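Data first, discussion second: the structure below is written as C-alpha cells.
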Amino acid sequence: MALLQISEPGQSTAPHEHRLAAGIDLGTTNSLVASVRSGVAETLPDNNDGHLLASVVRYSADAEPVVGQAALETATEDPLNTIASVKRLMGRGVDDVKHIGTRLPYEFVPGSSGMPLLHTAGGDVSPVEVSAEILRVLKVRAEETLGGELQGVVITVPAYFDDAQRQATRDAGRLAGLNVLRLLNEPTAAAVAYGLDQGAEGHVAIYDLGGGTFDISILKLNKGVFEVLSTAGDSALGGDDIDRLLANWLMQQAVIAEDAGHVQMRHLLQVSRTAKEALSISDSTDIRVDLQDGSGWTGTLTREQFNELTGTLVEKTLIPCRRALRDAGLRASDIGSVVMVGGSTRVPLVRERVTEFFATEPMQDIDPERVVAVGAAIQADILVGNKPDEEVLLLDVIPLSLGIETMGGLAEKIIPRNTTIPTARAQEFTTFKDGQTAMSLHVVQGERDLVDDCRSLAKFELHDIPPMVAGAARIKVTFQVDADGLLSVTAEEQTQSVKSSIEVKPSYGLSDNEIETMLRDSMEHAGDDRDNRRLREEQVAADRVLESLHAALVADGDRLLDDTERRAIDAAAARLEEKRKGDDYRAIKQAIEAVENASSSYVERRMNASIREAMAGHRVDDFKSS
C-alpha cells in the first residue's frame, strides 16, 4: 500500500526541503540569533557584520523605536526613553522593580494586568513590548540572511525563570510575530552547543553568568539524553550588578551625591561597564567621569581593586552552586566538565573562582556570549523537522514545587521541585462541608508548608459538584507542566465528570531573590513549618469534629441524651473551641480526643438508631444478598 505524505496547509511536501529555523538568545545586555547553515550552527551578523545586538530600545514621540547600538549610544543623554536590561523586568510587578539593583533610571506606572509599564515619549510600554521590539529586529536579521520566512524559533530563558517570566518571554515572541517552538533553558542550550549530547557520559555543570541573571545547572549525560539533575541560581544577579558596584565606587571617588539625576547615573554605568571590560584583558585602566557642572574626575582602577570590590558578588554565585550539587547528590569532584556561559564569565576573577570550586578548567572553546544562541539553533533545527532521524532528548526540571491550597491554609505539594519536565501529576481531594456544590482551587508555588509563605500563581473554581455528605466527593486535580515549564491545572469531579481548568498565567510580581529565599527559608524554618502544619491539621480536624457534632445535636441530641450527658458533651466541645483558637496543636488534639470520649455513647446510640430506622418494615432475609 502506498503511503501518503501529509503536510500542514501551505507547507511544501518535499522531503528534502530545508525549513528555516533559528535560535534566539534574548539576553539582558546583548541578544543574538543563530541558525544551522550547511550543517553548521552559527550566529547571524547584521549589515555591519556585528553579531551582538544590544538589548536596548529607545522610544521617541515621532519615530519608530530604535533598537541596538544606536539606542545604547543615546542612553546617557536620554535615559528615561532608552530602555536597557529589560529582561530583569520580565514577569515582575510594579513593587518588585524597586528591589532590582539599587536604582533604575526609568519612570514606572502600573498597568491593568499588574505588569509594570515604562513611561516613555513614545507612550507607556510593558517589558513584554520592549522585548518584542528586540525580537523583531532579530527576526528581520535572520530572514534577510537566510532568504526566507522563519518556520519556527527556539528562545532561551534562564533555568531559574519562573512561570510568569517564561510566559512573558513567550508572549514577547508571539507579539514579534514568531512561531515559538520551545523555550529552552540557557544552560541546556550551552551543553547542546558543545556537542555534549554526542555520546558523552558523566556529569556537567553549566555556569551561566549573564548581564542580569545567574544560573547553575547540573546535567547528567547518558547516550544523548540530557537530564537536568538540579538547577539553582539568582534571577537578579549578573554583570549589571558589577556595573552598579563600580558606579557606587565612582560616586564615592568623585564625590557625587546620592540624588544624582538619571543622566549622571547612566553615564556612571556606562563608564563602569567600559572599565569592567578593560580589566578583563588588562591589569589596570584609566577612568574619566564627566560631572554635571562641566568638570570631571579622573583616576585609575587596578584589577586588584576591582577584585576586592566585586569579590563578594562572585562568591555569591557559588552559594547556588553548592545547593545545586547538594540537590543532585553530588560533590564538586564528581563534575567532569564545566561549561562557561555569559559575557560576565570573561571577568578573570569569575574564571579563577569557578576553576577552584570545581577543581577543573572550564570549557571556553565557544564564545561564551554566543554559545547559548548556537545551542538554541541546533535544537530549533531539529524541532522544525530538518533532522527527522536525530533527536536530542532534553529533560529539564522545575525550580520550585507546585501545589494547591488545602483547608487550614496548608500547601499540598503535587509536583516537587527538580521534577523532570514535561510531567503530569494528579491527586484526589474532597469536600469539607455537607452539600458542598463548588470548590475554590488556589494554585501555589514554593517550598513552605503554609500558603502564606508560598507564591500565589492562580485561582479558579469548580462548580456543579453533586451535593453529597462531606468527604464523599472525589475531586481529581491534575497538574501538567509542558516542555517550556508552563503550567496548566485541571479539576474534575469523578462521579459526574464535571470539569474545570486553567492555563496558569500568574499575576506578575516575583521579587528579585524570591526563589532563592524560598529555598533557603524552607530549610531554615523546617521545624517551624512542621509545627505549623501540625497546628493547621489539628485545627481543621477540630473544625470537622465541631461541625459534625453540632449538626448531630441539632438533629437528635434532645431525644438521645439526658441532661448530664448533654452537659458533658457541651463542656468538652467548649474546651475544644477554646483550644482551637490557640497555637498548641497537642492541646487541640487532646481536646478532640476528650470530645470523642464524651460523645462515644451518643455516637453509638445514633448508629443503632440509624440501623433500626433502616430495618423498619423489613425482615432480616430482605438484607441477604441474592
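The values are calculated or read from the model by the stated rules, or taken from the named source; none is laboratory data. Model, not experiment: these values are computed from the prediction. Glycine gets a Cβ as well: all are built from the backbone with ideal geometry, and neighbour counts include every protein chain shown. Accessible surface is based on the protein model in full, side chains and every heavy atom, while ligands, DNA and RNA are left aside. Shrake-Rupley method; radii C 1.70, N 1.55, O 1.52, S 1.80 Å.
See the values below:
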{"quantity": "Hey, Asp286 more than 33 Å from the chain's Cα centre (by Cα) and not in a strand (DSSP E or B) or not", "calculated": "no"}
{"quantity": "All positions within the range 62-79 that are out of contact with any strand residue (DSSP E or B) (no Cβ under 7 Å at 6 or more places or on another chain) and either closer than 18 Å to Glu107 by Cα or basic (Lys, Arg) (or both)", "calculated": "Thr76, Glu77, Pro79"}
{"quantity": "Tabulated pairs, the range 370-396, first more than 21 Å from Leu219 (Cα to Cα) and small (Gly, Ala, Ser), second open to solvent by 10 Å² or more (accessible area, probe 1.4 Å) and at pLDDT 90 or above, C-beta under 9 angstrom, 6+ apart or interchain", "calculated": "Gly385/Gln151"}
{"quantity": "Residue check for Val354: within 18 Å of Asn185 (Cα to Cα), outside any strand (DSSP E or B), modelled with pLDDT of 90 or more and not basic (Lys, Arg)", "calculated": "no"}
{"quantity": "Some residue of the range 395-403 being surrounded by fewer than 18 Cβ atoms within 10 Å (Cβ to Cβ) and either among the aromatic types (Phe, Trp, Tyr) or closer than 17 Å to Ile475 by Cα (or both)", "calculated": "no"}
{"quantity": "Considering residues of the range 75-121 that are in contact with a Lys or Arg (Cβ under 6 Å, 6 or more places away or on another chain), open to solvent by less than 20 Å² (accessible area, probe 1.4 Å) and within 17 Å of Gly212 (Cβ to Cβ) only, the residue modelled with the highest pLDDT", "calculated": "Thr82"}
{"quantity": "Positions within the range 318-338 being of a type in the set (Gly, Ala, Ser) and either in contact with an Asp or Glu (Cβ under 8 Å, 6 or more places away or on another chain) or more than 18 Å from Glu361 (Cα to Cα) (or both), in sequence order", "calculated": "Ala324, Ala328, Gly329"}
{"quantity": "Residue list for the range 258-287, filter: in contact with a helix residue (DSSP H, G or I) (Cβ under 8 Å, 6 or more places away or on another chain) and among the hydrophobic types (A, V, I, L, M, F, W, C)", "calculated": "Ala260, Val263, Met265, Leu268, Leu269, Val271, Ala275, Leu279, Ile287"}
{"quantity": "Within the range 152-268, helices (runs of 4 or more DSSP H) holding 2 or more residues that are closer than 25 Å to Ser126 by Cβ", "calculated": "163-175, 239-253"}
{"quantity": "Among residues of the range 552-576, those that are surrounded by fewer than 12 Cβ atoms within 10 Å (Cβ to Cβ) and of a type outside the set (Ser, Thr, Tyr), counted", "calculated": "6"}
{"quantity": "Evaluation of Asp290 against (1) closer than 30 Å to Arg92 by Cβ; (2) at pLDDT 85 or above; (3) among the charged types (D, E, K, R); (4) touching a helix residue (DSSP H, G or I) at 6+ places or on another chain (Cβ under 7 Å) (one fails), failing number", "calculated": "(1)"}
{"quantity": "Failed item, numbered, when Leu135 is tested on (1) outside any helix (DSSP H, G or I); (2) in contact with a strand residue (DSSP E or B) (Cβ under 8 Å, 6 or more places away or on another chain); (3) modelled with pLDDT of 85 or more; (4) not small (Gly, Ala, Ser)", "calculated": "(1)"}
{"quantity": "Filter result for Arg425 (open to solvent by 20 Å² or more (accessible area, probe 1.4 Å), of a type outside the set (A, V, I, L, M, F, W, C), part of a strand (DSSP E or B) and more than 26 Å from Gln539 (Cβ to Cβ))", "calculated": "yes"}
{"quantity": "Exclusive hit being open to solvent by less than 40 Å² (accessible area, probe 1.4 Å), touching a helix residue (DSSP H, G or I) at 6+ places or on another chain (Cβ under 7 Å) and either at pLDDT 80 or above or closer than 25 Å to Tyr160 by Cβ (or both), set Val504, Val443", "calculated": "Val504"}
{"quantity": "Residues that are over 29 Å from the mean Cα position of the chain (by Cα), at pLDDT 90 or above and outside any strand (DSSP E or B), drawn from the range 52-68", "calculated": "none"}
{"quantity": "Every pair of residues 6+ apart whose Cβ atoms lie under 8 Å, when the first sits in the range 419-447 and is without any contact (Cβ under 8 Å) to a residue 12 or more places away in the chain while the second is open to solvent by 60 Å² or more (accessible area, probe 1.4 Å) and part of a loop (DSSP other than H, G, I, E, B)", "calculated": "none"}
{"quantity": "Any chance Leu410 is modelled with pLDDT under 85 and either more than 30 Å from Leu535 (Cβ to Cβ) or crowded, with 23+ Cβ neighbours inside 10 Å (or both)", "calculated": "no"}
{"quantity": "Residue count, the range 288-341 (criterion: among the small types (Gly, Ala, Ser), closer than 21 Å to Met265 by Cα and open to solvent by 30 Å² or more (accessible area, probe 1.4 Å))", "calculated": "3"}
{"quantity": "Residues satisfying the stated conditions in the range 122-140, i.e. open to solvent by less than 50 Å² (accessible area, probe 1.4 Å) and within 17 Å of Pro110 (Cα to Cα)", "calculated": "Gly122, Gly123, Val125, Ser126, Pro127, Val128, Val130"}
{"quantity": "Close pairs from the range 290-319: first of a type in the set (Asp, Glu), partner outside any strand (DSSP E or B), Cβ under 7 Å, at least 6 apart", "calculated": "Asp290/His267"}
{"quantity": "Output for the range 451-476, where each listed residue is more than 20 Å from Asp434 (Cα to Cα) and open to solvent by less than 40 Å² (accessible area, probe 1.4 Å)", "calculated": "Val451, Cys454, Arg455, Leu457, Ala458, Phe460"}
{"quantity": "Flag if Thr231 is more than 25 Å from Pro348 (Cβ to Cβ), touching a residue at least 24 places away in the same chain (Cβ under 8 Å) and buried (at least 21 other Cβ atoms within 10 Å of the Cβ)", "calculated": "yes"}
{"quantity": "Residue in the range 343-350 that is open to solvent by less than 10 Å² (accessible area, probe 1.4 Å) and either under 18 Å from Leu221 (Cα atoms) or not in a helix (DSSP H, G or I) (or both) present", "calculated": "yes"}
{"quantity": "The lone exception for Ala260 - which of (1) at pLDDT 85 or above; (2) surrounded by 14 or more Cβ atoms within 10 Å (Cβ to Cβ); (3) more than 30 Å from Val204 (Cα to Cα); (4) of a type in the set (Gly, Ala, Ser) it fails", "calculated": "(1)"}
{"quantity": "Filter result (modelled with pLDDT of 90 or more and of a type in the set (S, T, N, Q)) within the range 138-183", "calculated": "Thr145, Gln151, Thr156, Thr169, Asn179"}
{"quantity": "Restricting the range 1-42 to residues that are surrounded by fewer than 20 Cβ atoms within 10 Å (Cβ to Cβ) and assigned to a strand (DSSP E or B), the residue that is modelled with the highest pLDDT", "calculated": "Glu42"}
